1. Pick from Gly339, Gly111, Gly205: which is most flexible by mean-square fluctuation in a GNM of the chain where alpha carbon atoms under 10 Å apart are linked?
2. Kindly write out, for the range 27-39 in residue order, the coupling ³J(HN,Hα) from the Karplus curve 6.51 cos²θ - 1.76 cosθ + 1.60 (θ = phi - 60°), rounded to whole Hz, with x marking Gly and Pro.
3. For the chain, set up a Gaussian network in which alpha carbons nearer than 10 Å are linked by springs, and say which option among Pro118, Pro373, Pro178 fluctuates the most.
4. Based on the Kirkwood radius over alpha-carbon pairs, what value in µm²/s does the Stokes-Einstein equation return for the translational diffusion coefficient of the range 174-269 at 10 °C and 1.306 mPa s?
5. Quote the accessible area belonging to Val317 in square angstrom, nearest 10, computed with a 1.4 Å probe and with ligands, DNA and RNA left uncounted.
6. How many Å² of accessible area per residue for the range 35-103, probe 1.4 Å?
7. What's the angle, to the nearest 10 degrees (0 to 90), between helix 43-52's Cα axis and the longest principal axis of the chain?
8. FRET efficiency for Ala87 and Glu123, Cβ-Cβ distance as r, R0 = 22 Å, nearest 0.05?
Amino acid sequence: MRVIGLMSGTSFDGIDAAAADLDLDGDRIVLRPLGGLGVRYPDELRVRIASVLPPSVTTIEDVCRLDTGIGQAFAEAAATANEKLCAGRAELVVAHGQTVFHWVEGTAVRGTLQIGQPAWIAERTGCAVVADLRSRDVAAGGQGAPLVSAVDVMWLRGRPGAPVALNLGGIANVTVVPPGADAIAFDTGPANALLDLAVSERTAGRLTCDVDGAMAARGRVDAELFDRLLAEPYYARRAPKTTGKELFHRQYLDAALAGLPAVADDDLAATLTALTARTVGDAVRSVGGTEVIAAGGGTRNPTLMRALAAELPGVPVRSSDELGLPAAWKEAYAFALLGFCTVHDIPATVASCTGARHPSVLGAVLPGRAGFPWRPRPERLPQVLEIVAAAA
């Protein structure tokens, strides 16, 4: 089955699209990557998304308008991916949508909201669509995240030691697959979320991220600010746990800076980069990780990757590219696989990773012009993800 996965993360800079041919082979899912592409949100849409995110106050009208605008942006990304990556032969689109709120009370997730009306995708492409993938896990008592853990567990099972899959998006998350024990997954804290905010603010919007880690490389860690940031109680909570920009937002950073001597722009970038490296390093050490396989936008920041390697001496830190899964598009490929599981009536969550009472088949479904491509549940549920090169 030819599937397109669409993902927009907590950095809300645009949409990642990845296409794959996916097949069942006994207890294996075989994934053949067909390529990926990125589509930036229009500046006006990014501003509107930022205006509704916590702790901002918004209206139902704003949410409705954004639901349409984001849905249309996802529809165009899907159409472009179908044309450029799939030769127009995609059968299914799996759309994560844009997270605008993740409702956490104490250690429990009460709800999660991803918007971007998927009907626009079905209408624009003619493909069937799977959307709203997180809500079922939340209803089953889970965190609704990290959903990519189901893919990581199938992918990394059987590797020696305790491999750790790391995603460095706006928020960082890890999945560890220890030998002879249940897998664990959780959000470690901010990856790029606070850094992107600081860079955008300090450059008056000229930059939206620390390109190539240049600012952090020039700066020095501010010890007092670093200690304040590390005192955040979230880091001490036990897994499973999830977080987002409901906690790590501009006002959070302003509060951490309050009362301190002025922190230079480059020093602020260096401190926030060190925060990500330390909190990820602490998480990897806490689960006994023996190797780290990283993906996500943060892998393009060499200063962050050097800091992470320094935090984990003796633990190899490598890109998911080395294992055949393109680091730039990993989450989009993961959601393509989750939707493929939905089509086959396969539960696609790992209860020990999300904290749910049981695994669930994920998503709400919209038929395409040819209906919805249902497949019978296989006799053996898949246990292994195999990634192979696409045929020339």
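1. Greatest mean-square fluctuation among the candidates belongs to Gly205.
2. Each residue of the range 27-39 in turn: 9, 10, 9, 9, 10, 10, x, 10, x, x, 8, x, 10 Hz.
3. Pro373
4. 106 µm²/s
5. 40 Å²
6. About 48 Å² of surface per residue is accessible.
7. Tilt relative to the chain: about 80 degrees.
8. That pair, Ala87 with Glu123, gives E of 0.55.
The values are calculated or read from the model by the stated rules, or taken from the named source; none is laboratory data. Bear in mind that the values here come from a model prediction, so they are computed numbers and not experimental data. Note that each Cβ is placed from the backbone with ideal geometry, even for glycine, and that neighbours are counted across all protein chains shown. We work out accessible area using only protein heavy atoms, side chains counted, and drop any ligands, DNA or RNA first. Shrake-Rupley method; radii C 1.70, N 1.55, O 1.52, S 1.80 Å.
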